[in-house]
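Here's the structure, in structure tokens; my notes come after.
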Amino acid sequence: TDLDRMQRLAQSRYGQGTAAMVADWRTAINAMQGLPDEEMLIKANDFFNTRIQWVQDPEAWGQKDYWATPLETMGNGKGDCEDFAIAKYATLLLAGVDIDKLRITYVKAKIGGPYSKVHAAHMVLAYYPTPGADPKILDNLVMQIQPASLRPDLTPVFGFNSNGLWVGGAAAPATKDPGAKLSRWRDLLARAAAEGLG
């Protein structure tokens, strides 16, 4: 990881505003280190939910489906659900949260109340204190972090991190190589590495 490189890229690609946000992000990560996981989750969730505007991919990136690096999200100042989940995931890893506790999770979200039949694709970050635990959900649409058991509007489809891919809410990974199944994840990791997130 080379956050100095990311800082320089923030300035050269996006200008002073993004460079200042990246500096604030780095300060936040440093302040989070050593805190209990629960506190780190709140700080990472709040950092992006209060600074980044949620929009759909065509408006944010001019593409139907694009997974942005944390630098791209901060540079753009807006992104969709996976951009929030990815940025929070990277933040928590840098702050020292165990990777095995974090899964970027693709869900079906029920829109319009508990009896609605309308579902939309959505992505959140799930935090598992232990492998089989009820995960805590970091969402860009619901500010408060809640256990999945209190989010009946979300049905997990699959979750992943750099170490594996899980189907549904399974405790054991279906594969140890998520990049083989998720080309967008593989591409994102390569771009993030080039920006300093090794």
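Only one of Trp54, Trp25 is in contact (Cβ under 8 Å) with a residue 40 or more places away in the chain, closer than 13 Å to Thr73 by Cα and open to solvent by 90 Å² or more (accessible area, probe 1.4 Å); which?
Details: Trp25 fails: open to solvent by 90 Å² or more (accessible area, probe 1.4 Å).
One residue alone meets the criteria, Trp54.
Taking Met32 as meeting all but one of (1) open to solvent by less than 20 Å² (accessible area, probe 1.4 Å); (2) in contact with an Asp or Glu (Cβ under 6 Å, 6 or more places away or on another chain), write down the number of the exception.
Unmet for Met32, out of (1) open to solvent by less than 20 Å² (accessible area, probe 1.4 Å); (2) in contact with an Asp or Glu (Cβ under 6 Å, 6 or more places away or on another chain): (2).
Of the residues that sit in the stretch 175-198 and are of a type in the set (A, V, I, L, M) and modelled with pLDDT of 60 or more, which one is nearest to Val107 (Cα to Cα)? Give the steps one after another, and end with the answer.
Taking the stretch 175-198 as the starting set, the residues that turn out to be of a type in the set (A, V, I, L, M) are 180, 182, 188-190, 192-194, 197.
Still in the running and modelled with pLDDT of 60 or more: 182, 188-190, 192-194, 197.
Numbers: Leu182: 15, Leu188: 20, Leu189: 21, Ala190: 25, Ala192: 24, Ala193: 27, Ala194: 29, Leu197: 26 Å.
Checked the stretch 175-198; the qualifying residue nearest to Val107 (Cα to Cα) is Leu182.
Could you please find all residues in the stretch 1-16 being in a helix (DSSP H, G or I), open to solvent by less than 90 Å² (accessible area, probe 1.4 Å) and in contact (Cβ under 8 Å) with a residue 12 or more places away in the chain?
Leu3, Asp4, Met6, Gln7, Leu9, Ala10, Tyr14
Among the numbered conditions (1) in contact with a helix residue (DSSP H, G or I) (Cβ under 9 Å, 6 or more places away or on another chain); (2) more than 16 Å from Asp83 (Cα to Cα); (3) open to solvent by less than 40 Å² (accessible area, probe 1.4 Å), tell me where Asn140 comes up short.
Evaluating Asn140 over (1) in contact with a helix residue (DSSP H, G or I) (Cβ under 9 Å, 6 or more places away or on another chain); (2) more than 16 Å from Asp83 (Cα to Cα); (3) open to solvent by less than 40 Å² (accessible area, probe 1.4 Å) leaves (2) as the failure.
Restrict the check to the stretch 83-97 and report whether at least one residue is surrounded by 21 or more Cβ atoms within 10 Å (Cβ to Cβ), within 13 Å of the chain's Cα centre (by Cα) and not in a helix (DSSP H, G or I).
There is no residue in the stretch 83-97 that is surrounded by 21 or more Cβ atoms within 10 Å (Cβ to Cβ), within 13 Å of the chain's Cα centre (by Cα) and not in a helix (DSSP H, G or I).
The values are calculated or read from the model by the stated rules, or taken from the named source; none is laboratory data. It should be emphasised that the depicted structure is a prediction, and the values quoted were computed from it without experimental measurement. Neighbour counts are summed over all protein chains in view; Cβ atoms, including those assigned to glycine, are modelled from backbone coordinates with ideal geometry. Please note that ligands, DNA and RNA were not included when accessible areas were found on the heavy atoms of the full protein model with its side chains. Shrake-Rupley method; radii C 1.70, N 1.55, O 1.52, S 1.80 Å.
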